[in-house]
Amino acid sequence: MTTVTLADWTTPQPFALPDLGPGLDGERREAVEKALRTIAADPTVQALVIYSCGEACGYGSRATGTARPESDLDLLLVERTPQLEGQAKVASWWRHFEPLKAVRLEVDLIVSGSADAARRAGSRWHVISEAARLGRVVVQPS
């Protein structure tokens with residue numbers, strides 16, 4: 001049996017934007033960094049994780065270093081709230097997506113409550129498990 005190390009999105013750590021690959025340099029990288037810093041400053045945010053949606057995406061991944069210039073940015077946002085459902089989840093998504101509108105890049109944003117993210121991290125079939133196994137944690141505010 002193989003042991004898999006999961007991303008630690010519970011221990012506070014400073015903002016650190018990894019190399020996001022081709023097509024994201026100069027002004028575009030600055031715009032992405034500004035948007036992610038804005039999101040990370042929200043006190044409801046527990047963690048931001050750049051993840052890979054796996055081989056099913058077929059476009060390369062900014063999390064694993066296989067991105068192409070046209071690759072999108074897959075982003076998991078874990079909120080401190082244990083569960084987010086219905087209108088609260090929709091409102092959270094819109095609030096956190098707003099800063100990303102200024103970025104000239106396709107972004108897939110997933111928003112999850114902390115307990116839901118922890119539970120789904122152990123799943124074989126949920127995209128959050130991909131984020132937990134292959135993701136690169138950008139920040140966990142204290």
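The values are calculated or read from the model by the stated rules, or taken from the named source; none is laboratory data. Computed from a predicted structure; not experimentally measured. Methodologically, a virtual Cβ is constructed for each residue, glycine included, from the backbone with ideal geometry; neighbour enumeration extends over all protein chains shown.
Conditions tested, residue by residue: (1) more than 22 Å from Ala41 (Cα to Cα); (2) out of contact with any Gly (no Cβ under 9 Å at 6 or more places or on another chain).
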residue: Leu109; (1), (2): no, yes
residue: Asp116; (1), (2): no, yes
residue: Ser123; (1), (2): yes, yes
residue: His126; (1), (2): yes, yes
residue: Ser129; (1), (2): yes, no
residue: Gly135; (1), (2): no, yes
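Show the residue pairs meeting these rules: Cβ distance below 9 Å; 6+ apart or different chains; first residue within the stretch 1-16 and within 11 Å of Val138 (Cα to Cα); second residue at pLDDT 75 or above and part of a loop (DSSP other than H, G, I, E, B). As it stands, the answer is Ala7/Tyr51; Ala7/Gly135; Trp9/Gly135, since those pairs meet every condition given.
Restricting the stretch 105-142 to residues that are assigned to a loop (DSSP other than H, G, I, E, B) and hydrophobic (A, V, I, L, M, F, W, C), which is farthest from Gly86 (Cα to Cα)?
If we take residues in the stretch 105-142 being assigned to a loop (DSSP other than H, G, I, E, B) and hydrophobic (A, V, I, L, M, F, W, C), then Leu105 is farthest from Gly86 (Cα to Cα).
When residues in the stretch 74-104 are screened for being more than 23 Å from Ala132 (Cα to Cα), of a type in the set (A, V, I, L, M) and in a loop (DSSP other than H, G, I, E, B), 1 of them pass.
Residues are listed down the side, and each one gets a yes or a no for (1) among the polar types (S, T, N, Q); (2) at pLDDT below 90:
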| residue | (1), (2) |
| --- | --- |
| Gln13 | yes, yes |
| Leu24 | no, yes |
| Glu70 | no, yes |
| Leu73 | no, yes |
| Thr81 | yes, no |
| Val90 | no, no |
| Arg104 | no, yes |
| Val107 | no, yes |
| Ser112 | yes, no |
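The set of residues from the stretch 99-139 being over 20 Å from Arg29 (Cα atoms), touching a residue at least 60 places away in the same chain (Cβ under 8 Å), in contact with a strand residue (DSSP E or B) (Cβ under 9 Å, 6 or more places away or on another chain) and buried (at least 19 other Cβ atoms within 10 Å of the Cβ) comprises Ala117, Val127, Glu130, Ala131, Ala132.
Within the stretch 99-112, the set of residues being out of contact with any helix residue (DSSP H, G or I) (no Cβ under 8 Å at 6 or more places or on another chain) and closer than 16 Å to Gly23 by Cα comprises just one member, Glu106. Selection within the stretch 75-98: residues that are touching a helix residue (DSSP H, G or I) at 6+ places or on another chain (Cβ under 8 Å) and touching a residue at least 40 places away in the same chain (Cβ under 8 Å). The member of this set that is surrounded by the fewest Cβ atoms within 10 Å (Cβ to Cβ) is His96.
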